Amino acid sequence: MVYLNINKEILEKHSGEANKRAIASSGKDGDGDLQFDNLEFFADEKYFDEEDNKIHINGTIRIDDDEFAYYSEDVELDFDIVISIIESYRKKLGKLKTVLEATK
């Protein structure tokens, strides 16, 4: 699931420049098309929901110094991804164990 709440005032403020970018990128008059290249996402919350086997992420999307939108997404993890994550952290923990043993 994805939730996106766009600030209409900020959208209107930046839509002229975004429309120019869309036209320049596509080479044709993009009648209403918008292309935002300068958006930044700032996560407020990130966590793993064990019951649903999903990663939940939410936060603010900013353009320049303006709060453009609030974004929230639940990403379902399949078993292969979970195994890959576990293997990656197992390797990192093995390296940490080696360093700790060497500093005894």
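What follows is calculated from the coordinates using simple rules that are stated; it is not laboratory data. None of these values were measured; they are calculated from a predicted model. Here the Cβ positions follow ideal geometry from the backbone for every residue, glycine too, while neighbour counts run over all protein chains shown.
Overview of results
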| item | result |
| --- | --- |
| Charge context of residue 56, other residues only, Cβ under 9 angstrom, K/R +1, D/E -1 | -3 |
| Residue order, fewest to most beta carbons within 10 Å, for 2, 82 | 2, 82 |
| Sequence-distant residues sharing a close amide H with residue 7 (under 5 Å, placed H) | 69, 70 |
| Viscosity 1.567 mPa s, temperature 4 °C, Stokes-Einstein D of region 2-77 from Kirkwood C-alpha radius, µm²/s | 93 µm²/s |
| Within a Gaussian network of the chain (alpha carbon springs, distance under 10 Å), most fluctuating of 27, 94, 16 | 94 |
| Derived scalar couplings ³J(HN,Hα) [region 36-52; Karplus, 6.51 cos²θ - 1.76 cosθ + 1.60; whole Hz; x for Gly, Pro] | 9, 9, 10, 8, 10, 9, 10, 6, 8, 8, 9, 7, 9, 9, 5, 5, 8 |
| Relative contact order %, region 2-77, counting alpha carbon pairs below 8 Å whose residues are six or more apart | 33 percent |
| Angle in degrees between helix 8-26 and the longest Cα principal axis of the chain, rounded to the nearest 10 | 90 degrees |
| Full-stretch length increase - residue 33, residue 91 - with 0.36 nm per residue and alpha-carbon distance subtracted | 16.3 nm |
| Folded to 0 to 90 degrees: helix 79-102 orientation relative to the chain principal axis, Cα | 50 degrees |
| Helix-only mean residue ellipticity at 222 nm for the chain, each DSSP H run of n ≥ 4 adding -39500 (n - 2.57), per residue, nearest 500 | -14500 deg cm²/dmol |
| Amide N proximity, region 48-73 versus residue 1 label position 7 Å along Cα-to-Cβ, cut-off under 11 Å | 73 |
